[in-house]
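Scroll down for the structure; my scribbles are underneath it.
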Amino acid sequence: MSSIDHTHDPALTSWVESANAPDTDFPVQNLPFGRFRVEDDPEWRIGVAIGDQVLDLRGAGLINHSDMNRLIRLKPETRRELRAQISAGLATGSAQAGRWERHLHAQSAVEPGLPCEIRDYTDFYIGIHHATAVGKLFRPDNPLLPNYEWVPIGYHGRASTLQVSGRDFHRPKGQVKAADAAAPVLGPSQRLDLELELGFVIGRPNAMGHAIPLAEAEDHLFGVTLFNDWSARDLQAWEYQPLGPFLSKNFASTLSAWMVTLDALAPFRTALRRPAGHPDPLPYLDTEANRRSGAMDIDLDVLLQTRAMRDAGVPPEVISRSNAAEAAFWTPAQLVAHHTVNGCALSAGDLFGSGTLSGPLREQAGSLLEMTEGGKRAITLANGETRSFLQDGDRIQLRGRCARDGFRSIGFGDCSATVLPAL
Ligand code: CA
């Protein structure tokens, strides 16, 4: 497990002045990795976000390639050495400042890419309040199915329609069937929803047949992103039995551009907070370290800006606030251990979605399905507009932020996209 070292010192500042602003997501203590392109060069480059800039790692002489899926395979100790080098070079007073300055680009002037090439995508369901609230809509007396407290529930998704923050997408079409209709019809989804999730990016692969023990699982995790797993609830309700979600989930998912590393998150690790009354996990999913500090204390916000708000110059409105550690019944390490216990091979660049990270209260819900109780209680925005599900022109933004006394706060950058009309 990553530990706290001099790169987390809250007294550290950077010669990149914007990194010293109190509200920046990217102070010198964060140093998240992503890919970007500059005008007139079609090649993706590997960068580290610092304030409102991005440092080109190859240009700065820190690496000799531009392959993020290679970089994320680094052994944890090599990864930490690279972090220490970047931290030292960006720190106030560094001798590198003059040489590295010309390898800085304004984030607003570059094109962000997906942070690495995503190989396979698995979506989990670790938000117990979400699972309970959604289960209640279908089974009021028995919301959680019996396997939930034993198995980190998940399904295999599709990587082809994952997009980086800022890319908009068209409302999906599909089969929907009204409860009283004899047959389904094909049409645009009328119950389009968001899902507030984290994305966990796998760095080091395992060989097929070889399970990753829980105690080693975090060595295989490179970083964490924000993740909006857009969902078409009407398509989902008709198609999901017996094999689970399919076209209701694979038309678009939005990922933030920066992978916040497990090293950067070291000060913000916290105990796994399971609600009382659940059995201990099976031994392969249980260690003392995982109980003590396996969870991540990340504050999460969902913001909505409708087209009318945008036209009137009204900023996005927070519609939900939650916390990853409060929401999660399983830790990222448990997901890795469980995913490989049968011998399944993970690749560098695999993405795990956490599942919707809702708190127990309605104002902490990570989806409109929960906020509106299945569409029955619309939410009202400050300008008087109401929403049961998303309308064309709605823009959803996710934000993530870590804060702890004695440490510099860090954030995750932007994760947003706008719903365009169905094609
Ligand atoms: Ca999901």
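Taking N as the number of residues in region 371-411, what is its alpha-carbon radius of gyration divided by 2.2 N^0.38 Å? If you can, show how the numbers build up before the last one.
Values: Rg = 16.0 Å, N = 41, 2.2 N^0.38 = 9.0 Å.
Normalised Cα radius of gyration, region 371-411: 1.77.
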Residue-ordered couplings for region 164-169, obtained by feeding phi - 60° into the Karplus form 6.51 cos²θ - 1.76 cosθ + 1.60 and rounding to whole Hz (Gly and Pro as x), are 7, 3, x, 8, 8, 8
Report the far tail of the P(r) of region 241-358, meaning the percent of Cα-Cα pairs longer than 25 Å.
-> 40 percent
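Normalized C-alpha radius of gyration of region 58-117, against 2.2 N^0.38 Å?
Details: Rg = 12.9 Å, N = 60, 2.2 N^0.38 = 10.4 Å.
After normalising by residue count via 2.2 N^0.38 Å, the value is 1.24.
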Reach of LYS177 by Cα under 30 Å, taken over lysines that are not fewer than 8 positions away in the same chain = LYS136, LYS249, LYS376
In what sequence, highest mean first, do 32-40, 335-343 appear when ranked by Cβ atoms within 10 angstrom?
-> 335-343, 32-40
Would you calculate the volume per residue, in Å³, of the smallest convex hull containing every Cα atom of region 1-129?
-> 156 Å³
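Where both residues lie in region 121-420, what percent of DSSP beta bridges are antiparallel, nearest 5?
Numbers: 47 of 55 bridges.
If we restrict to bridges inside region 121-420, about 85 percent are antiparallel.
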Compute the projected area of the convex hull of the Cα atoms of region 252-298, averaged over all viewing directions, and report it in nm² to one decimal place.
-> 5.3 nm²
Protection-proxy order for peptides 97-110, 47-60, each taking the mean of Cβ atoms within 10 Å per residue, highest first = 47-60, 97-110
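Give the Kirkwood hydrodynamic radius (Å, one decimal) of region 207-290, defined as one over the mean of 1/r across all pairs of different Cα atoms.
Details: mean 1/r = 0.0599 Å⁻¹.
About 16.7 Å, per the Kirkwood formula over Cα pairs.
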For region 266-423, what Kirkwood radius comes out of the mean inverse Cα-Cα distance, in Å?
-> 18.0 Å
Which value in deg cm²/dmol, rounded to the nearest 500, describes the helix-derived mean residue ellipticity at 222 nm for the chain, given -39,500 (n - 2.57) per DSSP H run of n ≥ 4 and division by the residue count?
-> -4000 deg cm²/dmol
Can you list, largest first and rounded to whole Å, the semi-axes you get for region 78-222 by taking the square root of 5 times each eigenvalue of its Cα gyration tensor?
-> 41, 25, 15
Residues meeting the amide H criterion for ALA422 (H placed from the backbone, H to H distance under 5 Å, 5 or more places apart or on another chain) are ARG171
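What area, in nm² and to one decimal, does the C-alpha convex hull of the chain cast on average over all directions?
Values: hull surface 85.3 nm².
The directionally averaged projection comes out at 21.3 nm².
How many times 2.2 N^0.38 Å is the alpha carbon radius of gyration of region 164-226?
Values: Rg = 19.9 Å, N = 63, 2.2 N^0.38 = 10.6 Å.
Cα-based Rg divided by the globular estimate yields 1.87.
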What list of ³J(HN,Hα) couplings, whole Hz, do you get for region 252-262 from phi and the Karplus terms 6.51, -1.76, 1.60, once you set θ to phi - 60° and write x for glycine and proline?
-> 5, 9, 10, 10, 5, 7, 10, 8, 7, 6, 4
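To the nearest 0.05, what FRET efficiency results for GLU216 and GLU317 with a Förster distance of 51 Å applied to their C-beta separation? Numbers along the way, then the final one.
Details: r = 43 Å, r/R0 = 0.84.
After rounding to 0.05, the efficiency reads 0.75.
Read-outs throughout are calculated quantities, based only on the coordinates presented, and are distinct from any laboratory measurement. If you're wondering where the values come from, they're calculated on a predicted model, not measured in any experiment. Note that each Cβ is placed from the backbone with ideal geometry, even for glycine, and that neighbours are counted across all protein chains shown.
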